[in-house]
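Step one of this worksheet: look at the structure below.
Coordinate-derived values only; no laboratory data. Remember, predicted model here, so these are calculated numbers, not experimental data. Here the Cβ is made from the backbone with ideal geometry for all residues, glycine too, and neighbour counts use every protein chain on show.
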Amino acid sequence: SAFPKTDLSAKKEKYVSVIASLVTEFNQRFQDFSDIEKQIKLFSTPFLVDAEEVEESLQLELIEMQCDDSLKSQHQLLSLPEFYQSLDNAKFPLMRLHAKRMMSLFGSTYICEQTFSQLNQNKSRLRTRMTDSHLCEVLRVSTTKLSPNMSAILQSKGQHHCSH
């Protein structure tokens, strides 16, 4: 044979171990989703959810929504954020609030993890003397979406050192 013989069982064990580790990590990260599965289903497919299975405060609004054919067609045509934004706030305040909560879950989780990652990068063992207030300032700068207009900033400062 042109290929060297390798110990396939050792490689198999390595991959099995890595996959088992990934499954464990996945289950830990997404265990909270099983707790809110009904709320996610209500948000994503409100016309397929049994009204008796949702919390009482949302039942009347959900039933009214499910009986409205124009809302059913809007739900199919629009994205979820657009659909919930189009709902009449006077008729569906609780459904809109529920949708806002569901939409904010994913963005806030991402932002939290991104900020924590930045925190770990900035407060490493090489930067142990960084104060909390300085770290707060570094995090503010590193997580902002604003970008400075450097040329305008430099022009406003003028020349501080004279040339030799």
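So here's what we get for this one:
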| item | result |
| --- | --- |
| ³J(HN,Hα) computed for each position of segment 44-56 - Karplus, 6.51 cos²θ - 1.76 cosθ + 1.60, integer Hz, glycine/proline x | 7, 9, x, 8, 10, 7, 6, 4, 6, 8, 9, 5, 3 |
| Order by protection proxy (mean Cβ within 10 Å, highest first), peptides 39-52, 78-91, 9-22 | 39-52, 78-91, 9-22 |
| HN-Hα J in Hz across segment 9-16 - Karplus 6.51, -1.76, 1.60, θ = phi - 60°, x for Gly and Pro | 5, 5, 5, 4, 4, 4, 5, 4 |
